[in-house]
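What follows draws every value from the coordinates through simple rules; no lab data is involved. This structure is a prediction, so every number in the text was calculated from the model and none was measured. Every residue, glycine among them, receives a Cβ derived from its backbone with ideal geometry; neighbour counts consider all protein chains shown.
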Ligand SMILES: NC(=[NH2+])NCCC[C@H](N)C(=O)O
């Protein structure tokens with residue numbers, strides 16, 4: 001059987017994180033395993049810095065990236081994406097009662113992962129906000145909670161889990177849905193030209209979306 005080598009940045013629960021035994025677990029892992037089962041392939045998973053995922057894919061160190069990654073026009077110039085497997089938008093979060101709205105972030109420090117769509121969005125659309133890039137959203141969140149930065153800008157799905165777990169945090173403003181950055185959803189990236197794998201993954205995605213497998217995995221990792 002075929003082996004599909006997946007890469008991800010695994011400090012991003014519930015999409016991917018390291019469990020107590022240093023195994024990568026999460027929604028993306030379960031979904032990829034379900035797809036590999038359909039394709040009759042063996043999946044492997046490797047943890048890597050987020051901003052190195054696309055370069056490593058191009059260098060053939062891996063076959064696919066599944067990492068809560070937004071399908072964007074800019075990334076589509078470098079890689080091929082599957083159909084979206086998760087709807088996405090972005091949300092600012094800060095300490096409760098500190099920042100009233102997005103306008104109040106002017107001159108403030110906002111953290112996010114280096115190489116993320118969140119970084120690009122703020123750089124392009126909100127030059128009045130100071131971007132503070134991190135190796136992981138977990139470190140950005142810690143700095144925000146310690147008051148070193150004023151807010152974190154992240155995927156709504158992830159940030160919403162933080163808000164449920166931590167009563168001292170609050171959303172700032174509404175979800176950001178700009179299609180050029182977040183609007184088309186999360187996809188699995190494969191190399192340009194690897195339409196064979198792209199098609200296999202797309203067919204498998206159709207199948208798991210239809211037969212209930214996707215919903216089961218979703219309910220395991222995301223609360224309603
Ligand atoms: N596994 C991760 N650390 N993923 C971060 C993804 C952030 C954002 N959705 C992006 O595509 O840029």
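So the values come out like this:
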{"quantity": "Kirkwood hydrodynamic radius (C-alpha pairs) into Stokes-Einstein, the stretch 1-127, 4 °C and 1.567 mPa s, D in µm²/s", "calculated": "79"}
{"quantity": "The stretch 1-133: relative contact order as a whole-number percent, Cα under 8 Å and 6+ apart", "calculated": "23"}
{"quantity": "Bins of 5 Å, starting at 0 and running to the largest distance - Cα pair percent for the chain", "calculated": "1, 7, 15, 19, 20, 16, 11, 7, 4, 1, 0"}
{"quantity": "Gap separating the Cα centres of the stretch 173-224 and the stretch 91-158, nearest whole Å", "calculated": "25"}
{"quantity": "Per-selection Kirkwood Rh - the stretch 101-224 (Cα, Å, 1 d.p.)", "calculated": "16.7"}
{"quantity": "Zone residues, the stretch 134-149, relative to residue 51, backbone N less than 13 Å from point 7 Å out along Cα-to-Cβ", "calculated": "134-136"}
{"quantity": "Spin-label pair residue 196/residue 138, simplified geometry with 7 Å Cα→Cβ offset, distance in nm", "calculated": "3.7"}
{"quantity": "Cα gyration tensor of the stretch 122-191 - equivalent ellipsoid semi-axes, whole Å, descending", "calculated": "22, 16, 14"}
{"quantity": "Cα-derived Rg over Rh, computed across the stretch 159-224 with Rh taken as Kirkwood radius", "calculated": "1.08"}
{"quantity": "Percent RCO, i.e. relative contact order, over the stretch 73-190, from Cα pairs under 8 Å lying at least 6 residues apart", "calculated": "47"}
{"quantity": "Compactness index (Cα Rg / 2.2 N^0.38 Å), the stretch 57-127", "calculated": "1.39"}
{"quantity": "Counting DSSP beta bridges with both ends in the chain, the antiparallel % (nearest 5)", "calculated": "55"}
{"quantity": "Sorted peptide list for 77-87, 107-117, criterion being average Cβ within 10 angstrom, highest first", "calculated": "107-117, 77-87"}
{"quantity": "Chain lengthening between residue 78 and residue 104 when straightened (0.36 nm per residue, less Cα-Cα)", "calculated": "5.8 nm"}
{"quantity": "Relative contact order of the chain, defined on C-alpha pairs under 8 angstrom at six or more residues apart (%)", "calculated": "29"}
{"quantity": "Full-stretch length increase - residue 21, residue 145 - with 0.36 nm per residue and alpha-carbon distance subtracted", "calculated": "41.9 nm"}
